[in-house]
Protein chains: 2
Amino acid sequence: MSTRAWAETGDDGGFGLANLPYGIFTRSGGPPRAGVRIGDRVLDLAGLAAAGLVEDRGWFAAGSLNAFMAAGRAAWAANRARLTELLGGEAHRADVEPHLVPLGAVELARPFEVADYVDFYSSEHHAANVGRMFRPQGEPLLPNWKRLPVGYHGRAGTVYPSGTPVVRPCGQRRVPGQDEPGFGPSLRLDIEAEVGFVAGVPSAPGRPVAVDAFRDHVFGFVLVNDWSARDVQQWEAQPLGPFLSKSFATSVSPWVVPVAALEAARVAPPAQDPAPLPYLRTAEPWGLDLRLEVLINGGRVAEPPFREMYWTSPQQLAHATVNGAPLRTGDLFASGTVSGPGRGQRGCLLELTWNGAEPVTLADGSARAFLEDGDTVTIRGTAPGPDGAVIGLGEVTGTVLPATC
Amino acid sequence: MSTRAWAETGDDGGFGLANLPYGIFTRSGGPPRAGVRIGDRVLDLAGLAAAGLVEDRGWFAAGSLNAFMAAGRAAWAANRARLTELLGGEAHRADVEPHLVPLGAVELARPFEVADYVDFYSSEHHAANVGRMFRPQGEPLLPNWKRLPVGYHGRAGTVYPSGTPVVRPCGQRRVPGQDEPGFGPSLRLDIEAEVGFVAGVPSAPGRPVAVDAFRDHVFGFVLVNDWSARDVQQWEAQPLGPFLSKSFATSVSPWVVPVAALEAARVAPPAQDPAPLPYLRTAEPWGLDLRLEVLINGGRVAEPPFREMYWTSPQQLAHATVNGAPLRTGDLFASGTVSGPGRGQRGCLLELTWNGAEPVTLADGSARAFLEDGDTVTIRGTAPGPDGAVIGLGEVTGTVLPATC
């Protein structure tokens, strides 16, 4: 088995044989179908299947990956092995090459239908920074924070594919210096650089997913931008949590990186003290050395390190189901803002600018406390792969459009 | 047009011609289909359609009402008028009677697929009681409470049909007298008697649903039991709101009562002071005189009055979309616990027993601070209809099964 695809030309950009992420694409207005990215091309899985080159049980000529995600770990592994065979050796080149489409010739869609969407709050650095800003007299972390991965449900219906413009939301928000809440466009529009995982295989009601059963249920990882209206959030979020400050838009990257592609990126997570309860203890290390970049208008403003996350993905999944809530195919779990200990490692403007008090300077010399209309935010990510390979997570991007109120 | 159906026999139980609620049923293991309840029978809409008696554009021979809910207000009105004609006059009796099925011969399913689920907190009496219990030194209501309908997203995947047993959830919770959180079955399992409305017609992203456009989007109302693990909730819910304390189960009643059936139940809601912002001002009164009953093991423990809700359903919908979040068919919005000013009008045990300090006595003489295994909770509701008719909301019921941890 080759570790280099014939389909790759020069630098694979993180999309070599060790990655093989799945997405949904359309071409020239045709029907949506599943594809795998290899280098700067997309391998048309529906086309491969029609030619008899891969197995397809209604998985690939579809508008979402959900059917394939539900097929389970054995089906995922078999397809991955087959694609590695087809792309890795010259033997199949003539058969496969007609099914490769240049990335520039396709439109990428949201890769899966979201069932429920949960957002965690699992970076200690992020949670502590937020605590210092908003509860300056108290402990940075609340008492529950190191006992369980704090999380909440978000709006599944507003999880949008990368590239979808984000209209600045309107709503009630506190304007500094005014006692009464005002209504209008958010004045503190922010991003949150996150990593999400998506469930493929459902679980039964009443049967928690064990922390070591993560690979049996989870299909893969995406990048997430949890757009946030901080002024709306500060006004609305007590006592039941964020609502309209988050529900206007959440963006996800187009390529779902399989769990199998991230095995080489597993590292020891930060030490957990106090020791978590048994249902949150993993046999293997599940920190993930994903390296994010946040860019505003093309210039980098932060490099959040996912390996610094206090709570790991399997811990999040075990916690979310420990009460018997079942998983459905398409359940999306986002990590919460990824922030490291360094100032340049913070994954949102709230932290980077310390709630607007210390604006960041962009490449063009302009300053930002929060986002302005027209700003484009892009989050990129990579991970180490096997044998020195790089695993690309691709990017999630969106441009802010003016409010319409 | 008759105001009394030939299909009714004696007391219609709240299910006469003025109601005509929709549900999904199966019979003898056959495929699910849509029906309308009339008296103690179900009118098989798929059967009627096959006989050419009602229009059906793929609406009624389905496992959910979603397609019909999406068809819109004109389609809903046309079908309602046609059913009134078919059931109200003897002319059609011979044609229609074969499509009536005794209620006892059918199984009722969850009437719609839930897209997103939002739960509000719109009873002032409930919110103030909770505030008094958990923030005894502060104001009962937080500053935002009378400015906007506080709400949050819940788990759509665990909205279950009435009758589904509820397994006592396990999780981290604080046990009184212990500093460390424990893991185990919830010791404070509770209910919340609520009323929900379900969206039929989607809205476009970025286009808020105006407060007076409620009837253009909302298909109808159901009863909701928002099962709650209070000990889990107290430990987990800061700062991002309830998560596992709610996500294990939410039950909905089988019959969706059309908005049109509740026009006669509209009343002036409680006065709102301060005056709400313009996007929350309705031209018509949208309080609803729905009268709920909460029964534990068949004995009534509370009679919550929905007309006492501070925030109305159209206000909730306008608020939830004011940031541009679109509606999808099947979006469910629950009211939050319905509690009135009287002690016997409180819609949850947390309030009825003042967090367990003052247990209620059941019909069998036993006392309850919170629910015990084997307890059956039933919420019923009625509303005044036109010309002295009663509109039945039916009931939502569930029995507590022992925890499995």
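The values are calculated or read from the model by the stated rules, or taken from the named source; none is laboratory data. For clarity, every value in this text was computed on a predicted model and none was experimentally measured. Glycine also receives a Cβ, built like all others from the backbone with ideal geometry; neighbour counts cover every protein chain displayed. Note: areas computed on protein heavy atoms with side chains; ligands, DNA, RNA excluded. Shrake-Rupley method; radii C 1.70, N 1.55, O 1.52, S 1.80 Å.
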- Note on the structure: Against the 2.2 N^0.38 Å rule of thumb, the C-alpha Rg of the range A:54-119 sits at a ratio of 1.33
- Task: Take the Cα gyration tensor of the range B:340-392, multiply each eigenvalue by 5, square-root it, and list the three semi-axes largest first, rounded to whole angstrom.
- Result: 28, 14, 9
- Find every distance from the label point of B:Ala283 to the corresponding label point in the other copies (7 Å from Cα along Cα→Cβ) and write them in nm, one decimal, shortest first. 6.6
- Task: Looking at the protein assembly as shown, send over the antiparallel percent of its DSSP beta bridges, to the nearest 5.
- Result: 90
- Translational diffusion of the range A:195-304, µm² s⁻¹ [Kirkwood Rh, Cα pairs; Stokes-Einstein; 25 °C; 0.890 mPa s]: 144
- Message: Give me the percent of accessible area attributable to carbon and sulfur for chain B, probe 1.4 angstrom.
- Response: 51
- Message: Give me the inter-chain shielding for A:112-124: mean count of other chain Cβ atoms within 10 Å, whole number please.
- Response: 2
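Taking only Cα atoms of the range A:131-270, what ratio of Rg to Rh do you get with Rh as the Kirkwood inverse-distance radius?
Ratio of gyration radius to Kirkwood radius: 1.02.
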- For the range B:183-256 and the range A:122-148, what is the separation of their C-alpha centers, rounded to whole Å? 28
- Once amide H atoms are placed 1.01 Å from N in the peptide plane, what residues at a sequence separation of 5 or more from B:Ala62, or on another chain, have their amide H within under 5 Å of its amide H? B:Ala34
- Item | Average accessible area per residue (Å²) across chain A - probe 1.4 Å, nucleic acids and ligands excluded | 35
- Note on the structure: In whole Å, largest first, the alpha carbons of the range B:1-125 cover along the principal axes 47, 35, 31
- Innermost chain B residue relative to the axis carrying B onto A, by Cβ distance in angstrom: B:Gly241, 1
- Message: If you split all Cα-Cα distances of the protein assembly as shown into 20 Å bins from zero, what percentages do you get per bin, shortest first?
- Response: 16, 47, 31, 5, 0
- Across the identical copies, how the A:Ala271 labels are spaced - nm, sorted shortest first, 7 Å along Cα→Cβ: 6.3
- Note on the structure: Isolated cysteines for chain A, Cβ-Cβ cutoff 4.7 Å, are A:Cys348
- Which of A:Ala71, A:Ala261, A:Ala199 moves the most in a Gaussian network model of chain A with Cα springs under 10 Å? A:Ala71
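Restricting to Cα pairs below 8 Å that are 6+ residues apart, what does the relative contact order work out to for the range A:155-272? Please round to a whole percent.
Reported relative contact order: 31 percent.
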- Looking at the P(r) of the range A:281-396, how many percent of alpha-carbon pairs lie beyond 26 Å? 32
- Simple spin-label estimate for B:Arg215/A:Ala268, 7 Å along Cα→Cβ, in nm, reads 6.7
- How long is the range B:46-191 along each principal axis, judged by its Cα atoms, biggest number first, in Å? 70, 37, 25
- Query: Which whole-number percent gives the relative contact order of the range A:22-108, counting Cα pairs below 8 Å spaced six or more residues apart?
  - Reply: 35
- Item | Contour minus Cα-Cα distance for A:Leu142 and A:Arg343 (0.36 nm per residue) | 70.1 nm
- Query: Along the Cα-to-C-beta direction of A:Asp387, a point sits 7 Å from the Cα; which residues of the range A:87-131 have their amide N less than 15 Å from that point?
  - Reply: A:87-90
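Return the tail of the calculated pair distribution for the range A:242-329, meaning the percent of Cα-Cα pairs more than 17 Å apart. Let's see the in-between values first.
On the way: 2514 of 3828 pairs.
For the range A:242-329, the share of Cα pairs beyond 17 Å comes to 66 percent.
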- Item | Across the identical copies, how the A:Gly298 labels are spaced - nm, sorted shortest first, 7 Å along Cα→Cβ | 7.6
- Note on the structure: Mean per-residue count of partner chain Cβ within 10 Å for A:151-162 equals 6
- Message: So for the range B:117-401, averaging the separation of alpha carbon pairs under 8 Å that are six or more residues apart and normalising by length, what relative contact order in percent results?
- Response: 27
- Task: Please report, in whole Å, how far the alpha carbons of the range B:117-401 spread along each principal axis, starting with the longest.
- Result: 51, 41, 34
- Message: For the interface of A with B, what's the total buried accessible surface in square angstrom, probe 1.4 angstrom, rounded to the nearest hundred?
- Response: 5100
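Rounded to the nearest 500, what is chain B's calculated 222 nm mean residue ellipticity when only DSSP H runs of at least 4 contribute -39500 (n - 2.57) each, over all residues?
About -4500 deg cm²/dmol.
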- Query: Among A:Ala18, A:Ala249, A:Ala357, which one shows the biggest mean-square fluctuation in a GNM of chain A, springs joining Cα atoms closer than 10 Å?
  - Reply: A:Ala357
- Item | Alpha-carbon centroids, the range A:259-317 and the range A:337-376: separation in whole Å | 22
- Query: Say R0 is 30 Å: what FRET efficiency, to the nearest 0.05, do A:Thr361 and A:Glu284 get from their beta-carbon distance?
  - Reply: 0.10
- Query: Which residues in the range B:241-262 place their backbone N less than 20 Å from a point set 7 Å from the Cα of B:Glu85 along the Cα-to-Cβ direction?
  - Reply: B:260-261
- Note on the structure: Dipole check, the protein assembly as shown, charges on Cβ (K,R +1; D,E -1), about Cα centroid: among B:Ala78, A:Gly72, B:Pro176 the Cα furthest to the positive pole belongs to B:Pro176
